[in-house]
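A.B. asks: Take a look at this one; I'll ask things after.
The values are calculated or read from the model by the stated rules, or taken from the named source; none is laboratory data. Remember, predicted model here, so these are calculated numbers, not experimental data. Glycine gets a Cβ as well: all are built from the backbone with ideal geometry, and neighbour counts include every protein chain shown. With ligands, DNA and RNA removed, areas are computed over all heavy atoms of the protein, side chains included. Shrake-Rupley method; radii C 1.70, N 1.55, O 1.52, S 1.80 Å.
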Amino acid sequence: MRKTLFLSLALFLAGACRQGPTATQPAATIPPSPSPGSPVPSPTPQFPPTPSATAALSSPTPRASFQPRVEIVATGLEVPWALAFAPDGRIFVTERPGRIRVIENGALRPELVAVLPVAATGEGGLMGLALDPNFAQNGYLYVMYTYRAGGALRNRISRLTLRGNTAGEEIVLIDNIPGAGIHDGGRLAFGPDGKLYATTGDAAQRDLAQRLDSLAGKILRLNPDGSIPTDNPFPGSYVYSYGHRNPQGLAWHPVTGQLYSTEHGPTGEMGLCCRDELNLIRPGANYGWPLVTGAPGDPRFADPILHSGEDTWAPAGMAFVTGERLAPWKGHLFFGTLRGQHLHHVVLGSDGSTVVFHEELFRGEFGRIREVVMGPDGALYFTTSNRDGRGQPRSGDDRILRIVPGP
């Protein structure tokens, strides 16, 4: 039986909350240019200045009468990294040590859907999961995971086929993506255009993020069969955007179709800290790492629409609220934070590039929060990541939880 946690509105508006609009912190700019031979697109994409924070709200800020509650869906998982919902109501979940599991009829099945030969080293292992838009007909599951080849760590994107209760018949779509014990990216998601998107980290080799001949430090876009879409911004390349350090979340606005991503900022590189990012992703855009951090306003790069300043969030999975079940939050964006140990709530302006309100929810209540995804039942699901070596596991960890109307 699901255990229900009743949470008062005070959790949302407690002292840990950060409300907006909030001024961004001073940005740090790194003067060196890319290493010799690093390709730079020509012409460099140009972006208009960020509109004023007085832009109209796309939807209202939270109402004081709204009192959601958090329910426990499943317990006893080991670093659940990604969730995906099947049309028949099953919930597929990846565990970083290499397991795919399924929740059916409200219960976590003991039988494993698949076990993959991953290198669960540091931040690496089994990460992203996405179900094919035609999953009910073809049973295709897409995964991203870290493996070891010749003593080096690599990442790959593969497709599995579910037959009965078991997934197998692996077909590798993209191989030899640079990997490391840190900064592997790993998020997979299908866009409204039917293409598969993937995030990759810089694999602790920050200069690779600026190289268009490397798949590290990028957001990739591919056809479901692994081929390169003909309308990608760089012909013959999977690269959709670049200059990323470690992007961990992907979500599309349910009305405009605009793509957003969360990204980890520096943790000591070049003497810099923090400045975790929320980015509006434009095809072909350069997001600056490692040449700039924060929002310096350099026209060569796309600035984040929100960053953490001198705080550290370590943002992860993200989702927009849709449907009427959580109506006061409809159209709002939520992302999990690992180091920050909270769910970050963002309200965007009507232009999609202005943050007009943001706050921290549940700070410290559940520990490290990784995946955030909208369920077909109208609830907002999220996972804890307290058994990943950087958290403090609690009774029942790791857990899958969901937010529903309360009390």
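A.B. asks: Could you state the accessible area per residue of segment 87-131 in Å², with a 1.4 Å probe and every protein chain left in place?
C.D. replies: 37
A.B. asks: Something else now. Using a Förster radius of 22 Å, what is the FRET efficiency between Ser350 and Thr322 based on their Cβ-Cβ separation? Nearest 0.05, please. Working shown, then result.
C.D. replies: Working: r = 17 Å, r/R0 = 0.79.
FRET efficiency, Ser350 to Thr322: 0.80.
A.B. asks: List the residues, sorted by chain then number, that are 5 or more residues from Thr354 or on another chain and whose placed amide H is less than 5 Å from its amide H.
C.D. replies: Gly349
A.B. asks: Per residue, how much accessible area does segment 177-234 have with a 1.4 Å probe, in Å²?
C.D. replies: Result: 31 Å² of accessible area for each residue.
A.B. asks: Quick one: with all protein chains in place, what share of the accessible area of segment 276-327 is carbon or sulfur, to the nearest percent (1.4 Å probe)?
C.D. replies: Within segment 276-327, the accessible surface is 49 percent carbon and sulfur.
A.B. asks: Per residue, how much accessible area does segment 314-407 show when a 1.4 Å probe rolls over the protein heavy atoms, in square angstrom? Present the calculation step by step, with values, prior to reporting the outcome.
C.D. replies: Numbers: 2610 Å² over 94 residues.
Accessible area per residue, segment 314-407: 28 Å².
A.B. asks: After finding the eigenvalues of the alpha carbon gyration tensor for segment 297-407, what semi-axes result from the square roots of 5 times each, listed largest first in whole Å?
C.D. replies: Ellipsoid half-lengths, sorted descending, are 24, 20, 11 Å.
A.B. asks: If eta is 1.002 mPa s and T is 20 °C, what Stokes-Einstein diffusion coefficient results for segment 115-232, Kirkwood Rh from Cα pairs, in µm²/s?
C.D. replies: Rounded to a whole number, D works out at 148 µm²/s.
A.B. asks: Okay, next question. Once you have a ≥ b ≥ c as the square roots of the Cα gyration tensor eigenvalues for segment 100-148, tell me rounded if a/c is under 1.5, and otherwise prolate or oblate according to whether a/b is larger than b/c.
C.D. replies: Oblate shape, in that a/c is at least 1.5 and b/c is the bigger or equal ratio.
A.B. asks: First check a/c for segment 251-310, with a ≥ b ≥ c the square roots of the eigenvalues of its C-alpha gyration tensor; if it is under 1.5, answer rounded, and if not, answer prolate when a/b is larger than b/c or oblate otherwise.
C.D. replies: prolate
A.B. asks: What are the ³J(HN,Hα) couplings of segment 367-381, residue after residue, when phi is run through the Karplus curve with 6.51, -1.76, 1.60 and θ = phi - 60°? Round to Hz, x for glycine and proline.
C.D. replies: x, 6, 10, 10, 8, 9, 8, 7, x, x, 8, x, 8, 9, 9
A.B. asks: Using only the Cα atoms of segment 335-385, build the gyration tensor, take square roots of its eigenvalues as a ≥ b ≥ c, and label the shape rounded, prolate or oblate: rounded if a/c is under 1.5, else prolate if a/b is larger than b/c, else oblate.
C.D. replies: Oblate shape, in that a/c is at least 1.5 and b/c is the bigger or equal ratio.
A.B. asks: To continue, here is another question. Using only C-alpha atoms and all pairs of different ones, pull out the Kirkwood radius for segment 239-366 in Å with one decimal.
C.D. replies: 14.9
A.B. asks: Where in segment 59-168 are there trypsin sites (Lys or Arg not before Pro) that are in a DSSP coil and have at most 14 other Cβ atoms within 10 angstrom of their Cβ? Each step should come with its number before you reach the end.
C.D. replies: On the way: sites: Arg63, Arg69, Arg90, Arg99, Arg101, Arg148, Arg154, Arg156, Arg159, Arg163; in loops: Arg63, Arg90.
Loop-located and lightly packed - Arg63.
A.B. asks: List the residues, sorted by chain then number, that are 5 or more residues from Gly288 or on another chain and whose placed amide H is less than 5 Å from its amide H.
C.D. replies: For Gly288, whose amide H was placed from the backbone, the distant partners under 5 Å are Ala302.
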